[in-house]
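Derivation of every value follows stated rules applied to the coordinates shown; laboratory data play no part. As the structure is a computational prediction, the values presented were derived from the model and not from experiment. Positions of Cβ are generated from backbone atoms using ideal geometry, with glycine treated the same way; all protein chains shown enter the neighbour counts.
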Amino acid sequence: MSDDKLYYTIGEVAKMFNVNTSLIRFWEKEFDIIKPKKNKKGNRLFTKSDIDNFHLIFHLVKERGFTLEGAKKKLKDNKDDTIKNAEIVQSLQKIKVFLLELKNEL
């Protein structure tokens, strides 16, 4: 993801997470930490902060198996802990990819 971009469309966000745009809209309604801007046409424009929050939601719901209510509670009660855990998982996934590439080269 390029850091120089200010806003992302719903299609770009859905593609980042390999999910349907309907899930992005659903999570936007369910989680108050997602606050996209809307242009004159009503199209959602998501910020880097929104993307970071989607990563947290995705981590809890898709990777750790939380229910929506459980994820909301976790984010409300201990967002910092959730951020750290999601960052650790992301780092481990990058290491796994690197190691698999290394293995394939051997």
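Structure shown: which of 41/74; 37/73; 35/103; 72/94; 40/74 lie over 31 Å apart, alpha-carbon to alpha-carbon? Spell out each step's value before the answer.
Values: 41/74 34 Å; 37/73 25 Å; 35/103 42 Å; 72/94 27 Å; 40/74 34 Å.
From the list (41/74; 37/73; 35/103; 72/94; 40/74), the Cα-Cα distance tops 31 Å for 41/74; 35/103; 40/74.
Taking trypsin sites (Lys or Arg not before Pro) that fall in a DSSP loop and have at most 16 other Cβ atoms within 10 Å as cut points, what is the longest piece of the chain between them? All intermediate terms of the calculation are to be shown ahead of the outcome.
Numbers: sites that count: 5, 40, 41, 64.
Here the longest segment lacking exposed loop sites spans 65-106.
Measure nothing but the geometry: give the 0 to 90° angle between the long axis through the Cα atoms of 48-58 and the longest principal axis through the Cα atoms of the chain, rounded to 10°.
Tilt relative to the chain: about 70 degrees.
With the Cα gyration tensor of the chain in hand, give its eigenvalues times 5 under a square root as the equivalent ellipsoid semi-axes, listed largest first in whole angstrom.
Numbers: eigenvalues 135, 73, 29 Å².
Computed over the chain, the values are 26, 19, 12 Å.
Consider a paramagnetic label point 7 Å from the Cα of residue 93 along Cα→Cβ; state which residues of the stretch 13-44 have an amide N under 13 Å from it.
15-19
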